[in-house]
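The values are calculated or read from the model by the stated rules, or taken from the named source; none is laboratory data. Just so you know, these numbers come straight off a predicted model, no measurement behind them. FYI the Cβ positions are ideal-geometry reconstructions off the backbone, even for glycines, and counts take in every protein chain you see. Accessible surface is based on the protein model in full, side chains and every heavy atom, while ligands, DNA and RNA are left aside. Shrake-Rupley method; radii C 1.70, N 1.55, O 1.52, S 1.80 Å.
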Amino acid sequence: MQDKPQRLAYSYIRMSTEKQIRGDSLRRQLEWSDAYAKKHDLVLRSLQDIGVSAWKGKNKQKGKLGDFMRMVKEGVVPSGSYLLVESLDRLSRMTVMDALDLFREILRAGITVVTMGPPEQVYTWDGLNGDFGKLIITLTIMVRANEESERKSTIIRAAMENKRRLSRQGVKTNQSPPLWITAKKIAKGEFEYELNDRAEVVRWIFERSAEGIGFDTIARELNAKGEPTLKPSERGWFHTSVSNIVTSRSAIGEYQPGETVDGKLVARGDPIRGYYPAVVSDDVWLRAQKFVHRNRKGGRAGTRFSNLFDGLAECAHCSSRMYMLNNSRSAKQWQYLVCSANFRKLVSASGINGDVSNVPVCTKGTGRFRYDLAEKFVLDNVMEFGADDLMQMRKVGAELQNANERMAALTLALDDLRTREARLLKLVETEDEAEIPGLLTALKTRTHERVAVEKQLDAARHDRDVLAARQRSLDPASAIQQMRKEWETAKDDATRYGLRVRCNTSMRNIIDWIAFDSEQNVFTVVLFGGLRAYRFPNLKGIRARGATVIPQVVDMGLFIDGSPQSFDAAMAEKVKRLPLASEVSLVNDVRYPKDSDR
């Protein structure tokens, strides 16, 4: 004789907030469910939705109740099973018809619903069909549950709207500011803010991002240093935790009032400038944003940013970029630059008289160039790197910083005005006709303000460009030599990496390209739109490590009429292909023609 299968009982416990767990309700529900299951010889299983609301049916959509309903449909929960709840409002606080549909779906599947009470109530499909009074009471409970949630929601929305109104009047009402800011209560519903000890790490993150360091790299550096996360976590820093900080406008003091709609924070009104104490300047914030697109686009260039010629080195024969290659055939590994097209055996389709075949992109770029020597030769000999302009650079840099700060402030103000203008336009399209005249007046005011700020921004941009032009003659070259000294003595990889990234950026302001010629076994550094060029030999062998070279140096200003300002791109391309013949080369010297020589 087969044993009768045991019936299942599912205890469903739902609480809207985690705070409710601290009370006695959870213990009482667990004890009652366990006692009921033992009394009726049921196998008890538990389902819990903690912090999940039933007002809009989230517990059915994404919670454990939804999982239970799917198991019922799939037959995992058999007919005749029990669902134990504290009360019917634990299942749903939706509108009465939606709540009734859910309840009917459960009962129709043969599930018995039991509520804790008191008094304890048992609901079945047949039971409700035969008891009209009980059905009315059930509907009444559902109506009250929904009305209570609606009432609470109305009260909360009104309170939040009042907080937003006060915030726009200058009252600091947000008790949960960003984690680098501490909120101190000074009155009921009012706080004052100050930067805390986490502000320093936030500034460091922005500075690294502004230097072009990726979010993944910054996260690894923070983890390597053992820097605690802003919100305590044993998992450490991630790409997203750094990204959220860098892209947050709270860092420049903005507060965006909003409210939660269907689980998502929706902005309400315009952001409030100057609400929080700024942890970084507008300029630093904007510079950090410029490099956001560089993140998540490939791995880090080693622990020291190995290739200073990144974006500059190309094959003289096919113009493909030069690829960094490690030589692993000996214990002493060297790094070499090779033509990427030749190394990867890249081909292109070519056809003659209808016959198409694959032709190698580059057959001449077969040479290997020792990278460490190439870097040393360029840094040692390109004279434009040697001028000691640090004092002038600091002066111009300070003026440029002020100009950038002004531009950043105007840019943010312009973004804010454009957002306000767009919102007013949308309101004009959707509001009642009676409201339109007032909206049009406000829109006209915003448009005038935007045009005025645009003019100010254009003037500020012109001033900044003038200063930037002055700085370019001082900053990149002297900064390169200064950064070289610093990375050669740096004690940690993170500092060395950041300095070399910045150095690469500065080199791009001076060097146009570096052409590697495998046939002549030389590489040529071209500067200033092709007006000047340095040519170096490709030395090989272990003894080459300590070698010094005297490069060929060509100043094309001696042979081309006109100043660099009038020198065009077509001529630069012509110079790029011009061979550095001995009769036009100057050894270890750069001379400029005098007026009498022209």
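Remark: for residue pairs Lys172/Lys455; Lys62/Lys184; Lys231/Lys264, the C-alpha separation exceeds 26 Å in Lys172/Lys455; Lys62/Lys184.
So if R0 is 30 Å, what FRET efficiency would Glu150 and Glu454 give, r being the distance between their Cβ atoms, rounded to the nearest 0.05? Plugging the Cβ-Cβ distance into 1/(1 + (r/R0)^6) gives 0.05. Residues whose amide H falls under 5 Å from that of Ile13, counting only those 5 or more places apart or on a different chain, are Leu47, Gln48, Asp49, with hydrogens built in the peptide plane. Only one residue of Val266, Val201, Asn223 has its Cα farthest out toward the positive end of the dipole of segment 151-266, where Lys and Arg carry +1 and Asp and Glu -1 on Cβ, and that residue is Val266.
A simple spin-label model places pseudo-atoms 7 Å from Cα toward Cβ; at Val43 and Val122 they are separated by 2.1 nm.
Only protein heavy atoms count here; under a 1.4 Å probe, His40 has an accessible surface of about 60 Å². Sorting Phe191, Phe536, Phe238 by accessible area puts them as Phe238, Phe191, Phe536; the probe is 1.4 Å, largest comes first, and only protein heavy atoms count.
A straight chain from Asn521 to Thr441 at 0.36 nm per residue would run longer than the Cα-Cα distance by 21.6 nm.
For the residues Ile186, Ile111, a 1.4 Å probe over the protein chains yields an accessible-area ranking, largest first, of Ile186, Ile111.
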